[in-house]
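The values are calculated or read from the model by the stated rules, or taken from the named source; none is laboratory data. Quick caveat, the model's predicted, so the values are computed rather than measured. Ideal geometry is used to build each Cβ from the backbone, glycine not excepted, and the neighbour counts take in all protein chains shown.
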2 protein chains.
Amino acid sequence: MNEKTLHKISYGIYIICSINDGKKNGQIANALFQVTATPQVIAVSINKNNLTHEFITKSKVFTVSVLDEQTPMTLIGTFGFKSGKDTDKFKDVSYKIGKTKAPIVLQNTIAYLEAKVIDKIDVGTHTIFIGSIEDSDIVSAGQPMTYEYYHKVKGGYSPKNAPTYSGSSDKKTIQKKEEKNMEKYVCTICGYVYDPETGDPDNGVAQGTTFEDIQKDWVCPVCGATKSAFTIEE
Amino acid sequence: MNEKTLHKISYGIYIICSINDGKKNGQIANALFQVTATPQVIAVSINKNNLTHEFITKSKVFTVSVLDEQTPMTLIGTFGFKSGKDTDKFKDVSYKIGKTKAPIVLQNTIAYLEAKVIDKIDVGTHTIFIGSIEDSDIVSAGQPMTYEYYHKVKGGYSPKNAPTYSGSSDKKTIQKKEEKNMEKYVCTICGYVYDPETGDPDNGVAQGTTFEDIQKDWVCPVCGATKSAFTIEE
């Protein structure tokens, strides 16, 4: 058994949204595929601890936004590392209400789908929801962000409730470089790694900026933690 | 509704194998994801018309080979466009028998998984099999082939029984170029498109070779059809 084998499965990165009693919520997911072509049906795996799981279970609808490669870590952080239980994830995010009445995130979205749950299967910590496509459209011409791109180029992690979360071994997928005075810092909240070599250009931190030299009010681009939440990566 | 939306979902390319009564079979699949991390469980969508579906249903085991980017079209053709009902797909292909007794294709494989079916869900034309990982390993350091790579770089199609098959519209995903005397030819059996611009280097046809100039005994790299099965792409 080799735990790294599962890292070889290819995924995209999606925001799955739903509604419940007029409230809206959404979350990052990667475990999504088309299951049949006629009719058009998709499947998505959602963690039972997530608020979106409760919403989909109750409203029986969900939407899928396919994110592009330019998606900033802040958007992934908001939908992937924060809970709708204590955050309004749609504040400052462009979205629209779909035919199913569920919200559809439009920011950094190249395409979206709306689905009605026609079946589901309990798989322990997660439920696989089977959804028939009610509506879909292409929004922009961008390149879909793959999970590999998110890991390698963006330095991103799996949220704890993701099917692909693998605890500390997840860290090892990020390449280590032996550079003196250019140490990497890891966010103790979400696991995001600040790498001076790449900086955080999305948030005004140029390539080559050491962690110490980042402005004081900079926050983790994934989960919003302050600089004090960071420690040197072992 | 925009049919092209579903093309924005990211996938890898896998060979799924199983056994039944001492017979082995395998097929190409792309609809595969990890559903839970603890325990390690995956899900794969398989068309009911495929022999592999019958084998998995009966033996309750399957293996997954993650293919690399160097995978030749012939391997995809054998496992994706031929039926185990009338072909021994394992002839001339390197494989081993796994712990579950099912075969594991090793050719162009970067990693493999063996799974025991713990549940399944009927989704019309397909069944989603839920499998707990019994064994897994990394075989080589290659790059996993993504479905996008297969489409764009290899010029590949979806087999008719794939969840992602979309008939004629599938053709439109391949870029059209307006070049005189460099017309593309499409295989009427499997839909593979011969593009003179890319040639078929895997099989000794250099870039820039017009369809007419390909040697007579050349066959479709995907399904093995002869040159006479090709027509000019509209």
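Inspect all residues belonging to the range B:183-192 and state whether any of them is under 17 Å from residue B:75 (Cα atoms), modelled with pLDDT of 90 or more and within 22 Å of the chain's Cα centre (by Cα). No, the range B:183-192 has no match at all.
Does residue A:91 satisfy the condition of being at pLDDT 95 or above and either surrounded by fewer than 16 Cβ atoms within 10 Å (Cβ to Cβ) or in contact with a strand residue (DSSP E or B) (Cβ under 6 Å, 6 or more places away or on another chain) (or both)?
The answer is no for residue A:91.
With A:46, A:56 as the choices, which residue is crowded, with 24+ Cβ neighbours inside 10 Å, more than 30 Å from residue B:49 (Cα to Cα) and hydrophobic (A, V, I, L, M, F, W, C)? Break it down into steps so the answer makes sense when it comes.
Numbers: A:46 fails: more than 30 Å from residue B:49 (Cα to Cα).
Of A:46, A:56, the one residue that is crowded, with 24+ Cβ neighbours inside 10 Å, more than 30 Å from residue B:49 (Cα to Cα) and hydrophobic (A, V, I, L, M, F, W, C) is A:56.
Looking at the range A:74-97, is at least one residue of a type outside the set (Asp, Glu) and within 14 Å of chain B (Cβ to nearest Cβ)? Checked the range A:74-97: no residue is of a type outside the set (Asp, Glu) and within 14 Å of chain B (Cβ to nearest Cβ). Residue A:224 falls short on exactly one of the conditions (1) in contact with an Asp or Glu (Cβ under 9 Å, 6 or more places away or on another chain); (2) among the small types (Gly, Ala, Ser); (3) buried (at least 17 other Cβ atoms within 10 Å of the Cβ), and that condition is (1).
Looking at this structure, is residue A:105 at pLDDT 95 or above and in contact with a Cys (Cβ under 7 Å, 6 or more places away or on another chain)? Taking the combined requirement at face value, the residue satisfies it.
Specify the residue that is nearest to residue A:36 (Cα to Cα); the eligible residues are those in the range A:118-134 that are assigned to a strand (DSSP E or B) and within 7 Å of chain B (Cβ to nearest Cβ).
Residue satisfying both the conditions and the ranking: A:130.
Against the definition (of a type in the set (Gly, Ala, Ser), closer than 30 Å to residue A:47 by Cα and in contact (Cβ under 8 Å) with a residue 24 or more places away in the chain), how does residue B:65 come out, yes or no? Yes; evaluated as a whole, the condition is true for this residue. Of the strands (runs of 3 or more DSSP E) contained entirely in the range B:1-40, those carrying at least 2 residues that are at the interface with chain A (Cβ under 8 Å from one of its Cβ atoms) fall at B:32-36.
Among the residues of the range B:10-27, write down those that are among the β-branched types (Val, Ile, Thr) and buried (at least 24 other Cβ atoms within 10 Å of the Cβ). Across the range B:10-27, the qualifying residues are B:13, B:15, B:16. Residues that are more than 17 Å from the chain's Cα centre (by Cα) number at least 2 in the following strands (runs of 3 or more DSSP E) confined to the range A:41-105: A:41-47, A:95-97. Filter the range B:59-69 for residues that are under 20 Å from residue B:10 (Cα atoms) and either out of contact with any helix residue (DSSP H, G or I) (no Cβ under 9 Å at 6 or more places or on another chain) or buried (at least 23 other Cβ atoms within 10 Å of the Cβ) (or both) and give the result. Answer for the range B:59-69, where residues must be under 20 Å from residue B:10 (Cα atoms) and either out of contact with any helix residue (DSSP H, G or I) (no Cβ under 9 Å at 6 or more places or on another chain) or buried (at least 23 other Cβ atoms within 10 Å of the Cβ) (or both): B:64, B:65, B:66, B:67, B:68.
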